[in-house]
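K.L.:
Let me begin by handing over the structure; questions about it come next.
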């Protein structure tokens, strides 16, 4: 019989991290992150301008990936120099601020997939961060959102798209639980994005032919679901080749549709086609192929296979290394963080934080801006539940994670405008109609479970009409204009015009809200050590700093003033008592002047009443004295005790902290102390008053213990404490005598 684990282990087994799968390394299956015994040795041999050997493989043994990379993916003019570099020497170039980004890019262009993987493998986690800081293409970081829902509800899609744009996302990616709904989803998200902010790029990730068709009609403006794989067998399983992917890449670009490819560790493992190679090496092949086929960027960092990579030792390090390889190939990096790689909040945060700190072209390739249950890509590593956390992380570190706070009023107004725009466009184009109840529900909904009801057949019919009638972005813009949504109409039209110009096809391009293109060309990353590179401009830094939960002294002053009463009035200077039954309640300088409510939410007057009632229960007399000379609770209580006929005093600060003091004790000593002001109750203050009375009568009462909570009391209340103490200090006067107070 096996003994049951002890309680500590049973408790640990219940923690969320144990919902994750952890695999032992198995190179034969590809379950190895950075290096496998089967990874080839880097090599390159060129004869008469033709690659005849690539990473240990002769030309007649090349597979399709080798052939394409050899023909189009290596700069032979620099290859000899690059391949001759020692791997440690090359790795140091990635992190040395004195070596310009351009020099690293030049040399990496001549490296084979195995060579680049060997170099990046040497970078430790802090060095990966340094490399990412230096090597990303665009100077200004950005972020991408998922906008989907369980029902393909157009109203909710539009409302959530407008919300995501308001929070600062510059790309919105939608998809469908029902493939045929895709055109309706594309239109709804395009309208919502246009309502939310100018220049937001939109994608509908579905089967490639349909996605390209929607792109040609202007219903979407970018694509990233063109998948690459690191082994030929997995390519073949998908009915694809490097040549077909290159053709599709060209098709998007030729019609002004921004496009990046997708790859990522774990895909080949999941398809049982890793051929015993490491995840890093296979992904290096994908990145080299992306460069070769002419894609401007790569979405990688595990993506759907992120949990596979995270299951093996050093797997999360490998995910970041993938992104660095993309940057080193001079491509846009859309750096993962989209698939939920762990149910542990600590692990998923640790996976993202280095990238947030270093900065990436897109820190998330799909932050789930909707509720987890509504994310039809599967829950992201970050979801609507985490937006406030993300904004706090940006503020904590002073870094730009691509998002900003949107006020409650802004969100409500934009959601209302978005659903009204969809209603009007769908009605004008004969796509369907919506009730006022449906509009109101979509404006208010946190997710699709809050909706009044969605007609799935109506959504499908709308999608079929859009596709069958050949509706385009121009039809959407016209309908918006004719129904009074002129600003949204202009934004949809501006995006169509930008497609003709094509400037957003530059590497790592986004539009800012003035429709200016920020890219490798117009906004290059020039990091060269401390004092250089991207730093948020003052206006942007103010956005990062100004989260909606932040409070200052002025806010607290207004809140406290709302509770102002005249129940405490000065009657004169306080004198010494003589009655042995007398207990003095000493209050701090701000009580009854600037402070009227404690941290627990109790009014100061109610706290005083409880203390008085407790003393009365013990047959004691009470006086209330305001101690003006100090805000120190110990001295407030000791002063009260020295004024009391019994020698026993109660000290009470405005924030609610309280104690019982005796006249012969040192200032920092006390008989009982309530230090956890936010958790104190009326009953506890009454008990404190009663115990003070018992002390006055010479008894030794059982102390009332501070309540204990697992909540981060300090994190929640310290800012309020600082503000309250500031209000108290404004009232303190070291020369002022204690004053008697009447309490009505």
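The values are calculated or read from the model by the stated rules, or taken from the named source; none is laboratory data. Because the structure is a prediction, the values reported are computed rather than measured. Positions of Cβ are backbone-derived with ideal geometry, glycine not excepted, and every protein chain shown enters the neighbour counts.
K.L.:
Working carefully through the options 453, 447, 430, find the one that is touching a helix residue (DSSP H, G or I) at 6+ places or on another chain (Cβ under 9 Å), farther than 17 Å from residue 194 by Cβ and at pLDDT below 95.
P.N.:
Exactly one of 453, 447, 430 is touching a helix residue (DSSP H, G or I) at 6+ places or on another chain (Cβ under 9 Å), farther than 17 Å from residue 194 by Cβ and at pLDDT below 95, namely 453.
K.L.:
Take residue 392 and tell me if it is under 21 Å from residue 142 (Cα atoms) and not in a helix (DSSP H, G or I). So that I can check it myself, show each step before the final result.
P.N.:
On the way: under 21 Å from residue 142 (Cα atoms): yes; not in a helix (DSSP H, G or I): no.
Here the answer is no, as residue 392 does not meet what is asked.
For every residue, the table says whether it meets (1) in contact with a strand residue (DSSP E or B) (Cβ under 6 Å, 6 or more places away or on another chain); (2) buried (at least 17 other Cβ atoms within 10 Å of the Cβ); (3) over 30 Å from residue 504 (Cα atoms); (4) not assigned by TED's automatic domain parsing to the domain that holds residue 233.
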residue: 34; (1), (2), (3), (4): no, yes, yes, no
residue: 41; (1), (2), (3), (4): no, no, yes, no
residue: 58; (1), (2), (3), (4): no, no, yes, no
residue: 82; (1), (2), (3), (4): no, yes, yes, no
residue: 89; (1), (2), (3), (4): no, no, yes, no
residue: 101; (1), (2), (3), (4): no, yes, no, no
residue: 118; (1), (2), (3), (4): no, yes, yes, no
residue: 127; (1), (2), (3), (4): no, no, yes, no
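K.L.:
Related question: What's the total number of residues in segment 253-290 that are surrounded by fewer than 24 Cβ atoms within 10 Å (Cβ to Cβ) and part of a helix (DSSP H, G or I)?
P.N.:
Looking only at that region, the number is 3.
K.L.:
Let me ask something else about it. For the condition assigned to a helix (DSSP H, G or I), in the same structural domain as residue 585 (by TED's automatic domain parsing), surrounded by 14 or more Cβ atoms within 10 Å (Cβ to Cβ) and modelled with pLDDT of 90 or more, what is the one hit in 651, 656, 645, 693?
P.N.:
From the options 651, 656, 645, 693, the qualifying one is 693.
K.L.:
May I pose another question? When you look at residue 631, is it part of a strand (DSSP E or B), buried (at least 19 other Cβ atoms within 10 Å of the Cβ) and within 50 Å of the chain's Cα centre (by Cα), yes or no?
P.N.:
When the stated conditions are applied, residue 631 does not pass them.
To keep it simple, each residue is scored yes or no on (1) without any contact (Cβ under 8 Å) to a residue 60 or more places away in the chain; (2) part of a loop (DSSP other than H, G, I, E, B); (3) within 25 Å of the chain's Cα centre (by Cα).
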site	(1), (2), (3)
490	yes, no, no
494	no, no, no
497	yes, no, no
500	no, no, no
507	no, yes, yes
520	no, yes, yes
529	no, yes, no
534	no, yes, yes
543	no, no, yes
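K.L.:
Which members of segment 561-580 meet the condition of being touching a helix residue (DSSP H, G or I) at 6+ places or on another chain (Cβ under 7 Å), touching a residue at least 60 places away in the same chain (Cβ under 8 Å) and either within 24 Å of residue 682 (Cβ to Cβ) or not assigned by TED's automatic domain parsing to the domain that holds residue 739 (or both)?
P.N.:
567
K.L.:
Out of the residues in segment 464-478 that are assigned to a helix (DSSP H, G or I) and out of contact with any helix residue (DSSP H, G or I) (no Cβ under 6 Å at 6 or more places or on another chain), state the one that is surrounded by the most Cβ atoms within 10 Å (Cβ to Cβ).
P.N.:
475
Per-residue answers, yes or no, for (1) within 33 Å of the chain's Cα centre (by Cα); (2) closer than 25 Å to residue 56 by Cα; (3) at pLDDT 95 or above:
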| site | (1), (2), (3) |
| --- | --- |
| 216 | yes, no, no |
| 275 | no, yes, yes |
| 278 | yes, yes, yes |
| 300 | yes, no, yes |
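K.L.:
Considering every residue within segment 159-178, establish whether at least one is within 30 Å of residue 33 (Cα to Cα), in contact with a helix residue (DSSP H, G or I) (Cβ under 7 Å, 6 or more places away or on another chain) and part of a helix (DSSP H, G or I).
P.N.:
no
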